[in-house]
Each structure stands twice: as C-alpha cells, then as structure tokens.
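The values are calculated or read from the model by the stated rules, or taken from the named source; none is laboratory data. Please read all numbers here as calculations on a predicted model, not as lab measurements. Quick reminder, even Gly has a Cβ in these numbers, built from the backbone with ideal geometry, and neighbours come from all protein chains shown. The area values use the complete protein model at the heavy-atom level, side chains included, leaving out ligands, DNA and RNA. Shrake-Rupley method; radii C 1.70, N 1.55, O 1.52, S 1.80 Å.
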Amino acid sequence: MIVGLASYRFINNDLHFNLSQMERGLEAARGKASLLVFGEAFLQGFHAMNWFYEQDRNVAITQESAIMQSLRKMTVDYGVDLLVGYLEKEGERLFSSCILIAQGEIAYNYRRISQGWKQYWMTDSHYCEGNSTSDFCYRGKTFRIALCGDLWDMPERFRTNGTLLWPVCCNFAREEWEKQYLTEYLAQANKVAKKTLFVDALETGTPCVPAAFCFTPEGVAASLFDVTEDILYVEI
C-alpha cells in the first residue's frame, strides 16, 4: 500500500481553510495513495486554543460532529482514507487526538499521552491526555501512532514491529532542520521502529518549511523538504 504524507499549511481557527487544504490533498492523492496523513492538530490548528475552557470547548469537536461527518464523506468521495490530527472533545474533556477514517468510517482514534500539546501551567482538569498506546491493523498492515512530543517523553511506549506514524507540528526553519533537528528526530524514531513516517503541519505565518520523511535505521529513506507544500508518497 502507498501512504501519502501531506506537509501542508494550516491557519489557526480557520476551519474553512484547513478543510479546503485537506480536500485539496485528498484530490491530489486520489489514485496515488490508499491513505493520506496530515500533521498534529491540523484540523483546527496547533495554536487554536487559548487555555480558557469556556472558549476552548467550542474549538474542539467530537467524533460525532458535523465536521467529522464531512471528513468521513470526503474519504468516500475521493477514495482515499485519511489520518489527521485534531482537537477532540469528549463530554467535558479536551484532547489532542489523531483519527483514522477509512472508507467513510472511523477506524481508530489515538489521544496524545504527553502534555506538551497544552500550556499545562495554565490549564485545568478539562485538558486531558490519553493513556493508551497500541498497535492496530489497517489494510492488513500493523501501525502505531505517536503525536509529536510523545516520542520524546515516553519513547518506550511506542516500540513496534510495524510502521510508526508520527504527525507533528514543529515550526522549524530550514537552518534548524539542517543543523540539528533532522538528525535528532531520525535518531529518536529509530529507537522505536524500523520504519517511521514523519509529517509536519505547517503553521501559516511562521518560517517553517515543508518536511515529511520516511525514517529507517539506514537513514532517511525518502523525504519532502524545503519545497512548496506537497505530498511525500511512501510504500509500506
């Protein structure tokens, strides 16, 4: 199977724009990939929350929301499955999550277990982390998901014999990647998996450059780096 890693730009709290970016990616991947992956919190934007619960509860969405129904329909319309980071609401609790939608159905939902997605010195008990990391089967292949800082804070919980999917939102400039971070992210990925698919969400207004990589113990097997926003296609 072919997985597409979409390193695209988002705008914080602009659902219309972010959804249009996702639809543009699905259209581009049609006939080329079985699955299209976007970065962490791409749907609403990584900095969409302001850490006041009465406002943030209206930013997050449930798995049953109309927006999620629209995403489910897109996967059917374009014939491409979707994995995307989003800010999730369940009851009164808020999470940084990542959802897999396959052929119009929710196939898997992962909640980030590390607290770096929030300003934890400002937040209360409404802002939560998940507590589960596990492999799952998708199209006959084994996968596991880590969101950004998960792999730095608790790498031992993400060891897998399958493929690790690692959506992030880094906002690194080209020089930062080249001088330090690419080597560090490669080394961290290789602690837990023999193949890691890394995709960065690009925050509009920052100097970050598109970045998507296939990491293996032999090095960077495939890359999308410092070009216009695009999709990296990787065979699994």
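Summary table
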{"quantity": "Exposure rank, largest accessible area first [L100, L186; 1.4 Å]", "calculated": "L186, L100"}
{"quantity": "Accessible area expressed per residue, region 194-236, with surrounding protein chains retained (probe 1.4 Å, Å²)", "calculated": "42 Å²"}
{"quantity": "Rh (Kirkwood; distinct C-alpha pairs) - region 154-209, Å", "calculated": "12.2 Å"}
{"quantity": "At 1.002 mPa s and 20 °C, Stokes diffusion of region 91-215 via Kirkwood alpha-carbon radius, µm² per second", "calculated": "137 µm²/s"}
{"quantity": "Computed over the chain: relative contact order in percent, which uses C-alpha pairs under 8 Å that are six or more apart", "calculated": "22 percent"}
{"quantity": "With every protein chain in place, the chain: carbon and sulfur % of accessible area (1.4 Å)", "calculated": "47 percent"}
{"quantity": "Lysine-lysine proximity count for the chain, Cα under 21 Å, sequence distance 8 or more or distinct chains", "calculated": "9"}
{"quantity": "Computed [θ] at 222 nm, deg cm²/dmol, the chain (DSSP H ≥ 4; -39,500 (n - 2.57); rounded to nearest 500)", "calculated": "-5000 deg cm²/dmol"}
{"quantity": "Among F143, W177, C208 - extreme Cα towards positive end, dipole of the chain, charges at beta-carbon", "calculated": "F143"}
{"quantity": "Region 1-51 and region 163-196: distance between their alpha carbon centers, rounded to Å", "calculated": "19 Å"}
{"quantity": "Largest-first principal axis extents, alpha carbons of region 1-113, Å", "calculated": "43, 25, 25"}
{"quantity": "Burial ranking of peptide ranges 39-46, 191-198 (average Cβ count within 10 Å, highest at the top)", "calculated": "39-46, 191-198"}
{"quantity": "V220-D77 FRET efficiency (beta carbon distance; Förster radius 41 Å; 0.05 resolution)", "calculated": "0.75"}
{"quantity": "For region 141-236, radius of gyration divided by Kirkwood radius, i.e. Rg to Rh on alpha-carbons", "calculated": "0.94"}
{"quantity": "Residues in region 69-100 that a label on S132 would reach, taking backbone N under 18 Å of a point 7 Å out along Cα→Cβ", "calculated": "84, 86, 88-100"}
{"quantity": "Extent along principal axes [Cα atoms of the chain; Å; largest to smallest]", "calculated": "47, 41, 35"}
{"quantity": "Descending semi-axes in whole angstrom, ellipsoid equivalent of region 48-130, from the Cα gyration tensor", "calculated": "26, 13, 9"}
